[in-house]
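Working notes, structure below.
The values are calculated or read from the model by the stated rules, or taken from the named source; none is laboratory data. Just so you know, these numbers come straight off a predicted model, no measurement behind them. Cβ sites come from the backbone with ideal geometry, for glycine too, and all protein chains shown count toward neighbours. Calculation scope for accessible area: heavy atoms of the full protein, side chains included, ligands and nucleic acids excluded. Shrake-Rupley method; radii C 1.70, N 1.55, O 1.52, S 1.80 Å.
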Amino acid sequence: MVKHTKKLLVQSSKILFSAGIIYWLIQSGKLNFAALKNLLNPGAASLALFLIFLSLFFASERWRILIRSQKLSAHSWPVFKLSLIGSFFNFAMPGGVGGDVIKAYYFTRENPGSKVIGVTSVLMDRVLGLFAMVLMALVVMLYDLQHIVKTPALMTLFWFITSLFLVFVVALSLVFSQKIYDAGFLKRVIAKLPLSAKFMKLYESMHIYGKDGKRFFAVILISLVGQTSSIIFLYLAGYMAGFTDVSLKTYFLVAPLGFMATAIPISPAGVGVGQAAFYFLFNLYTGHSSDLGPTVITAQQVGVFLVSLLGAFFYLRRKDRVETTKIEDMN
């Protein structure tokens, strides 16, 4: 009873936090829903939803490549359906269990004996997706370094992203290195930790993902392509909302940083956090205040939700569906 009460309180606090940010943005005039009306014409709406669909599909393909690297069969359509189910539950269940756990659970149900692969593939999918965001942000910042150096706050952000990139490189090198694995250095460290047996399984499973360099680079490439689809959507939403003076380059810099903020699990599907992050980042980079950031990320979140409703349809059609509270108890 205490456990469920705690989870209910956590879920409620996340919803209230998200609602509070949205309310503040609307009341202060920083979030203008009226600016989104131009996306409602059939041509723009169709293109926008297609770009959202593409970004979700590429994210699903990234996960599928990781699954296949574990010598397990995985086909595009079944994996995509599980990804849509997970995406839907990111909105529908913002408590202790998110969409990643849901899709990993049903993947295990479809592939008995693959619990470790299901968990580690979802974890690695998140890690490498985040790494690709950092990589894109760093590359664009280097490309536009002359503009970056003129703003102290942007320079601080540049050094933070550079440091984060180096941390990723070092961490992934340690986990993937065959020499370190054979030498047993990390194994000895893990053996001293609480729950060492579980951490050892996690490390050994994650190590396998780095054995095939081609697959690793394919995952990064497909992440970048998926992100590009999302960024083009943001640019389309901004352009249709009347922000025609903001270049595509600006979106390529701001979007990866904003998406990193929405990945932090403190609100349902990043709603609220994304609006605040994009508002700050666009204003910082362009040097003037506008409601561009909240407008485009709201459009993106609405688009993702609409496409994710397919996940609800696929979930309801499953004969083996289990209440999410039961899934939560199993984890």
Packing-based ranking, highest mean first, of 240-248, 290-298, 63-71 given that Cβ atoms within 10 Å are counted:
290-298, 63-71, 240-248
Projected onto their principal axes, the Cα atoms of the range 173-275 stretch, largest extent first, over whole-Å spans of 58, 32, 15
Using a simple charge model, +1 on the beta-carbon of Lys and Arg, -1 on the beta-carbon of Asp and Glu, nothing else, what dipole does the range 113-246 show about its Cα centre, in debye to the nearest 20?
700
Averaged per residue, the 1.4 Å probe accessible area of the range 97-228, protein heavy atoms only, in Å², is roughly 54
Taking 30 Å as R0, compute the FRET efficiency from the Cβ-Cβ separation of residue 225 and residue 196 and round it to 0.05.
0.20
Along the charge dipole of the range 163-213, Cβ charges K/R +1 and D/E -1, which of 170, 197, 186 sits furthest on the positive end?
197
Rounded to the nearest 0.05, what FRET efficiency is calculated for residue 189 and residue 153 with R0 set to 30 Å and r the Cβ-Cβ distance?
0.20
Rounded to the nearest 0.05, FRET efficiency between residue 173 and residue 38 (Cβ-Cβ, R0 41 Å) equals 0.30
Mind jotting down the three principal axis lengths of the range 70-172 based on Cα atoms? Whole angstrom, largest first.
54, 32, 25
